Amino acid sequence: MITGKAVEIAAEVYWIGALDPRLREFDIILKTANGTTYNAYCVRGQHGVVVIDTVKASHADEFFTRLEQVAHYEEIQAIILNHLEPDHSGALPELIRRAPQARVYLSHRGQMMLKGIIKDEVLEYIPVGTGDTIDLGERQLRFLHTPFLHWPDTQCTYLEKEGILFSGDIFGCHFCDTRLFNDKVGDFRAAFEYYYAHIMRPFREHVLEALALIEPLPLNLLAPAHGPILRDSPDSYVQRYRQLAAPLLTNEAAKQEKTLLIFYISAYGNTTRMAQAISEGAETVKGVRISLYDLQGGEVSAFVDLIEEADGLVFGSPTINGDAVKPIWDLLSSLALVKVRGKLGAAFGSYGWSGEAVSLIEDRLRGLKLRVPVKGSKIKLIPTDTELEQCHRFGRELALQLTGQTEQRFITLDELVRETNHA
Amino acid sequence: MPKANVTFEDINVTVTVPAGTRLIEISEKVGAGITYGCREGECGTCLMRIVAGMANLAEPSMLEDKVLKELMAGRHNRLACQAQVLGGEIVVRPG
Ligand SMILES: Cc1cc2nc3c(=O)[nH]c(=O)nc-3n(C[C@H](O)[C@H](O)[C@H](O)COP(=O)(O)O)c2cc1C
Ligand code: FES
Ligand SMILES: [Fe+2]
Ligand SMILES: [Fe+2]
């Protein structure tokens, strides 16, 4: 049992974290059936001691108890912050009070956040990036800039000769087990996968960048900020990340082809007819693969996988009680799990008198950081042939946007303002 | 009043605006791919690349300068929520 004890995980490298076995929900968005751990570490060198990360404020006592077993506060020369989320920085203000001489190292992007955490207290800190090091005498710590995994500030710290990577949330999972090491604890694979899917997946490109830095490192041990310490075949977890970051679906569309997904829902078929006309309009442009999905009868999670790989997304909904309908919002609210930033977005729908759905969807798409250059298509009640032709043009315009074939458009700010106010 | 032409390369639209307009006021309305988070020059979400006409933008404020440094942004980058157009031709794209 490790209750209250620091654990030596390698020569003069200690786990000094905290256990939170009863936690059942993390950051509101994650279920944690097995609780979690907040892993902090202490590395001893010739010149003193380095503390890597802290714990959640509520668990600070546990952290200090462990720290005091392996180091005196005066010995602490440096505090490294791999990630400033409160589950890792919660005990920082108190640690700084107890070890005021310690120098704080963090990523460039972490500086802003640090100020948000320590507020008025004056504190010297040293921003670091890939290649920067801390010399501990015969040992050396090296930094890896691995932003957005899963905050802008995240970084990893590598203990050079020993081949230990302190990876922050990367390779972590919410799984509390007092046996601590991956070859001793219960089966945590599901927790590992779940953590990746909910925390890392939206940042796939950043995962790939981080892997490019991590894969060349000789690894004896992976020391993440949550869950088991990975000492048995640490490389296999790096490989697993490589697999998870690969596209989930292989796109059968030719490489140079763009993909446009049209999602719609319709009570009386008006919005359906619009969707078909839009699809046909888009078909007139070469180099776009168009897919049409009725949200009624669709499964959100499968659509999310498709959306992750798509280039353009179009959503059609009637206006019901002044809003788009719930299946649309269900799908749109699930997109926080994948990267949609920069994709092409658009909206359409039939309405009765007020027609709020289209602009509400457009706002949401902008909120999700899609580009929405083509104004949505709205039609009152039953679309006429002329109106279906408009839909056809709308679809074609979207496909042209997607393939970068739009003619340059000139407009003044005044015209633009008028246009947006009429939407 | 002096005018400026701002071209959003990713959607191929050129907007003529009065000098002094902020990029954010235009890019959102045309639906360009430049995206925003805090809108206050803090988060760096709106980082954009100035393809041409950097000199036609007002100098970055201290705040913007600081954030650009923290982002380790290049010489061609500005924050769209902060940058103000002075006149002439400006070409921008996300990132
Ligand atoms: C229960 C209900 C509520 C509605 N609420 C609105 C509304 O608030 N605003 C509006 O513009 N249209 C409203 N409508 C009208 C529909 O948007 C309109 O009938 C539309 O053509 C339906 O399109 P669809 O059935 O083809 O998808 C409502 C319709 C129903 C059945
Ligand atoms: S939107 Fe946050 S810096 Fe511009
Ligand atoms: Fe985190
Ligand atoms: Fe965390």
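So that you can scan it fast, the table gives a plain yes or no per residue for (1) assigned by TED's automatic domain parsing to the domain that holds A:T403; (2) of a type outside the set (D, E, K, R); (3) more than 30 Å from A:P86 (Cα to Cα); (4) within 16 Å of ligand 2 (Cβ to nearest atom):
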{"position": "A:I229", "(1), (2), (3), (4)": "no, yes, no, no"}
{"position": "A:A267", "(1), (2), (3), (4)": "yes, yes, yes, no"}
{"position": "A:S279", "(1), (2), (3), (4)": "yes, yes, yes, no"}
{"position": "A:A282", "(1), (2), (3), (4)": "yes, yes, yes, no"}
{"position": "A:K286", "(1), (2), (3), (4)": "yes, no, yes, no"}
{"position": "A:R289", "(1), (2), (3), (4)": "yes, no, yes, no"}
{"position": "A:Y293", "(1), (2), (3), (4)": "yes, yes, yes, no"}
{"position": "A:V304", "(1), (2), (3), (4)": "yes, yes, no, no"}
Problem set entry | Output for region B:22-39, where each listed residue is crowded, with 18+ Cβ neighbours inside 10 Å and either more than 8 Å from every other protein chain (Cβ to nearest Cβ) or assigned to a loop (DSSP other than H, G, I, E, B) (or both) | B:L23, B:I24, B:S27, B:G31, B:A32, B:G33, B:I34, B:T35, B:Y36
Exercise. Within region A:10-57, which residues are surrounded by 23 or more Cβ atoms within 10 Å (Cβ to Cβ) and of a type in the set (V, I, T)?
Worked result: A:I16, A:T36, A:T37, A:V43, A:V49, A:V50, A:V51, A:I52, A:T54, A:V55
Seminar exercise, completed: Filtering strands (runs of 3 or more DSSP E) wholly in region A:1-116 for at least 3 residues that are within 26 Å of the chain's Cα centre (by Cα) gives A:18-20, A:36-38, A:103-107
Exercise. Going through region A:338-396 one residue at a time, which ones are within 14 Å of chain B (Cβ to nearest Cβ) and acidic (D, E)?
Worked result: A:E362, A:D363
Exercise. What number of residues in region A:367-423 are open to solvent by less than 50 Å² (accessible area, probe 1.4 Å), modelled with pLDDT of 95 or more and of a type in the set (D, E, K, R)?
Worked result: 1
Exercise. If you scan region A:309-334, which residues turn out to be within 14 Å of chain B (Cβ to nearest Cβ) and not β-branched (V, I, T)?
Worked result: A:D311, A:G312, A:L313
For this session: Answer yes or no as to whether A:T65 is open to solvent by 50 Å² or more (accessible area, probe 1.4 Å), in the same structural domain as A:Y158 (by TED's automatic domain parsing) and more than 16 Å from ligand 2 (Cβ to nearest atom).
Result: yes
Problem set entry | Flag if B:T45 is in contact (Cβ under 8 Å) with a residue 40 or more places away in the chain and within 12 Å of chain A (Cβ to nearest Cβ) | no
Exercise. In region B:50-91, how many residues are touching an Asp or Glu at 6+ places or on another chain (Cβ under 9 Å), within 13 Å of another protein chain (Cβ to nearest Cβ) and either loosely packed, with under 15 Cβ neighbours inside 10 Å or assigned to a strand (DSSP E or B) (or both)?
Worked result: 2
Exercise. Looking at region A:125-175, which of the residues that are assigned to a strand (DSSP E or B) and open to solvent by 10 Å² or more (accessible area, probe 1.4 Å) is nearest to A:A223 (Cα to Cα)?
Worked result: A:R142
Exercise. Going through region A:202-231 one residue at a time, which ones are within 19 Å of the chain's Cα centre (by Cα) and crowded, with 19+ Cβ neighbours inside 10 Å?
Worked result: A:P202, A:F203, A:H206, A:V207, A:A210, A:I214, A:P224, A:A225, A:H226, A:G227
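The values are calculated or read from the model by the stated rules, or taken from the named source; none is laboratory data. Just so we're clear, the structure is a prediction, and the values are computed from it rather than from any experiment. Neighbour counts run over all protein chains shown; Cβ positions are idealised from the backbone, glycine included. The protein model used for the area step is the full one, side chains on, heavy atoms only, and it has no ligands, DNA or RNA in it. Shrake-Rupley method; radii C 1.70, N 1.55, O 1.52, S 1.80 Å.
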